[in-house]
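I have placed the structure first, in the form of structure tokens, so that the comments after it can refer back to it.
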Amino acid sequence: MKLLIKNGYIIDVKTGIDGIYDLLVDDDRIAGISKDMDPEGCEIIDAGGKYVLPGLVDAHCHLRDPGFEYKEDIESGTRSAAMGGFTSVACMPNTNPVTDNESVVKYILNKAKREGYVNVYPIGAITKGLKGEELAEIGELKFAGAVAVSDDGNPVKSSSLMKKAMQYASMFDIAVISHCEDTDLAEDGVMNEGFTSTMLGLKGIPAAAEETMVARELILSEYLDIPIHIAHVSTALSVELIRNAKKRGVKVTCETCPHYFSLTDEACMGYDTNAKVNPPLRTDKDVQAVIEGIADDTIDIIATDHAPHHIDEKRVEFSLAASGMVGFETALPLVVTKLVRPGIITMRKLVEKMSLNPAKLLGISKGTLEPGSTADITIVDINAKFTVDPEKFESKSKNSPFAGFELYGQAWGTIVNGKPVVSENILL
Amino acid sequence: MVLKSKDLLGLKDLTAEEIEHILDTAKAMKYVITSNNKRTPHLQGKSIVTLFYENSTRTRLSFELASKYMSASSANINSSASSVAKGESLIDTGKTIDMMGTDVIIIRHPQSGAPHLLAKHVKASVINAGDGMNEHPTQALLDMFTIREKKGTLRGLKVAIIGDIYHSRVARSNIWGLTRMGAEVSLAGPATLLPPKMEMLGVKIYSTVHEALINADVIISLRMQLERQKKALFPSIREYSRFFGLDENRLRLAKKDVLIMHPGPINRGVELTSAVADHEHSVINEQVTNGVAVRMALLYLLTRRGINETAD
């Protein structure tokens, strides 16, 4: 089957294409990009007035499958991802059983092949059972298809074990993604420590709980000369530490999530459990620093940290509520609305941070529209406005703090392996 | 005048006029407690439930007597004795109580914000009898009632709150209430037990008890919970007492007619000496009586909502 996407504004960072062109898809591959193509026997998509981008890649999400299918499963999660314009997602290993061995990786890959709407790449655990005690079988995980390792949700508390994990993983050339949280400092905190936590009488998690471990990872990475990727950066000092390390040539990459540049801890007022997330929403100063970090490329990747939770886990006392928010269906619109439209980043940077860089981190051949590559494509109209309504999300879970937000740039079309999955904002 | 909200969740949400109105109403209620016939018809036909997820002696008894003195039907739920122990959610428990025709639910809960969650899901009025570290509004109202009764006003008074401010819902409610009523609040406690950014609420924070006590009109001493020591928030009761305990010497820094207050129960010899607790300026026992009056006033005002509203 041939598919012709006409008149879209195509941006591809890898090939440098930046302008209005037609794009031809042949079967599951990009066949060519040029002006005024008119081949015969094509299905035509008119992308006039819209951007045509390499399919978005999410380096950090939770599909909850296996084990927590009441929150999300591979089918619902990838439907949600497709609606958000993501064509590939990397899912974290805090499943049940934990994705710390070959068989769980294969289960996820097989199920995704059968039921997935987008490409799914499992991330394996760093330590067995995410317990932070013994290394998982990182080599076997890699050969089964894991694209990175992380104990996300938990930090690797032991510095010695983290050092060994980095050394061991480097042997297999697989990325190590660190969830930075000094759990001693975070103690039993449930939101950012500051004025708002004092106002609400809730226990706080100091920014320092993240920053001390970011510093540790940077020091280990520099000492070993081995790459490290820092997950969900949320504080001003974390950004500054990473910026400095990069200047020294440390092989560090990092990501942030849309909520860390869109919301402050004030979103928790009224004990809104949908604003409870880990790391917690921070202050205005941190939001500004994260935005600066994105603008100056200290922050390489914008990931969703899509973390679905059942309503029964959120409609409880704030301290008892589960941490996390769904993100697939608001990530692109938040980047468009908060960063692109105000002129903080260009669409080209959006492609880097939401497609090319995450693909590089995970070592997958995605993130480009180069002829010959798989036809994963996201089409977006950055001038189309909509109101966020979590009830309409494809995700099983509705835990979003963005309900009622007026945003721009919902994914208009998502094409995965040459097949349209979303068209005109509707899941096919 | 009518309270704006159906619930009393915290003093953070009340205006100075509302606080004034509650205190005025409590003044009338105090006559009932001190009279021979402790029975008024104010809550006749009303149903009041206390739902306590934490232990309490005085607050619970105070609410129960307040209900009974005003002829309400009242019942208690103990978290350990009910389906709560079977894992029922707060909302489900609340709805069950609501559906039995309850007019007011009085809740104490170890999690901050629990009364707010309950209030959103029930028709009954919800009174917060203490939630986590957040608020204990009826305690602060009775404190303010006591101060006003003795000093005539709250405006311009210097109130020192001493102790574990971080974990204290009594301190938070008093800070909201007292600052709203025009009092000047100063805080002192170990640096590990002061909440961050509290100064943004317009209070003064001192690291020595002396500075906070100078010229104080009122001292509110807080209960030091011994389990905090285990979490390394301070080294020992002995050291706490030495640097932050109230004794007669330190009392001299305050004004001559200073009021000494404590929400109880007291650790004698820890946060204050027996000499201070039983001092002629101590109003700790009167606070207890006033607690009943303030709770009667609140129950009356909340159950009166919807009646005569247009008259105001």
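The values are calculated or read from the model by the stated rules, or taken from the named source; none is laboratory data. Keep in mind the model is a prediction, meaning the values are calculated, not measured. Here the Cβ is made from the backbone with ideal geometry for all residues, glycine too, and neighbour counts use every protein chain on show.
For the reader, a short list of remarks on this structure follows.
- Residue selected from segment B:101-139 under the condition away from chain A (no Cβ under 11 Å) and hydroxyl-bearing (Ser, Thr, Tyr), by the criterion farthest from A:Cys268 (Cα to Cα): B:Thr102
- Verdict on A:Phe328 being within 14 Å of chain B (Cβ to nearest Cβ) and modelled with pLDDT of 95 or more: no
- Search result, residues across segment B:94-111 that are under 22 Å from A:Glu313 (Cα atoms) and either in contact with a helix residue (DSSP H, G or I) (Cβ under 6 Å, 6 or more places away or on another chain) or of a type in the set (Lys, Arg) (or both): B:Gly94, B:Lys95, B:Ile107, B:Arg108, B:Gln111
- Test: residue in segment B:222-243 that is modelled with pLDDT of 95 or more and either of a type in the set (Asp, Glu) or in contact with a strand residue (DSSP E or B) (Cβ under 6 Å, 6 or more places away or on another chain) (or both): no
- Wholly within segment B:23-138, helices (runs of 4 or more DSSP H) carrying at least 3 residues that are farther than 22 Å from B:Ala297 by Cα: B:90-99, B:114-121
- Counted residues, segment A:5-23 - those being under 19 Å from A:Lys419 (Cα atoms) and buried (at least 21 other Cβ atoms within 10 Å of the Cβ): 5
- Residue check, A:Ile344 surrounded by fewer than 24 Cβ atoms within 10 Å (Cβ to Cβ), within 14 Å of chain B (Cβ to nearest Cβ) and among the aliphatic types (A, V, I, L, M): no
- On the stretch given as segment B:7-22, residues that are assigned to a helix (DSSP H, G or I), touching a Phe, Trp or Tyr at 6+ places or on another chain (Cβ under 9 Å) and away from every other protein chain (no Cβ under 14 Å) total 1.
- Test result for B:Gly152, of a type outside the set (S, T, N, Q), free of Cβ contacts under 8 Å to residues at least 24 places away in the same chain and surrounded by fewer than 23 Cβ atoms within 10 Å (Cβ to Cβ): yes
- Matching entry among A:Ala165, A:Ala231, A:Ala209, A:Ala169 (being surrounded by 22 or more Cβ atoms within 10 Å (Cβ to Cβ) and either under 20 Å from the mean Cα position of the chain (by Cα) or of a type in the set (Val, Ile, Thr) (or both)): A:Ala231
- Here B:Leu61 passes the criteria (1) under 21 Å from the mean Cα position of the chain (by Cα); (2) under 23 Å from B:Lys123 (Cα atoms) except the one numbered (2).
- Candidate set: segment A:197-229, residues that are over 21 Å from A:Ser150 (Cβ atoms) and among the polar types (S, T, N, Q); chosen: the one farthest from the other protein chains (Cβ to nearest Cβ): A:Ser197
- One residue from B:Arg169, B:Arg155 being within 16 Å of the chain's Cα centre (by Cα) and not small (Gly, Ala, Ser): B:Arg169
- Subset of segment A:275-329 (residues that are hydroxyl-bearing (Ser, Thr, Tyr), assigned to a loop (DSSP other than H, G, I, E, B) and under 29 Å from B:Asp131 (Cβ atoms)): A:Thr283, A:Ser323
- Applying the condition of being among the hydroxyl-bearing types (Ser, Thr, Tyr) and not in a strand (DSSP E or B) to segment A:356-398 and asking which residue is surrounded by the most Cβ atoms within 10 Å (Cβ to Cβ) yields A:Ser397.
- Selected residue [part of a loop (DSSP other than H, G, I, E, B), touching a Ser or Thr at 6+ places or on another chain (Cβ under 8 Å), on the phi < 0 side of the Ramachandran plot and surrounded by 16 or more Cβ atoms within 10 Å (Cβ to Cβ)] from A:Val156, A:Val176: A:Val156
- Some residue of segment A:370-393 being within 15 Å of the chain's Cα centre (by Cα) and at pLDDT 95 or above: no
- Taking residues in segment A:223-237 that are among the acidic types (Asp, Glu), and partners anywhere that are part of a loop (DSSP other than H, G, I, E, B), the pairs with Cβ atoms closer than 9 Å and at least 6 places apart or on different chains are A:Asp225/A:Val250; A:Asp225/A:Lys251.
- Within the option set A:Lys246, A:Lys203, A:Lys285, being within 18 Å of A:Ala321 (Cβ to Cβ), surrounded by fewer than 24 Cβ atoms within 10 Å (Cβ to Cβ) and among the basic types (Lys, Arg) holds for one residue only, A:Lys203.
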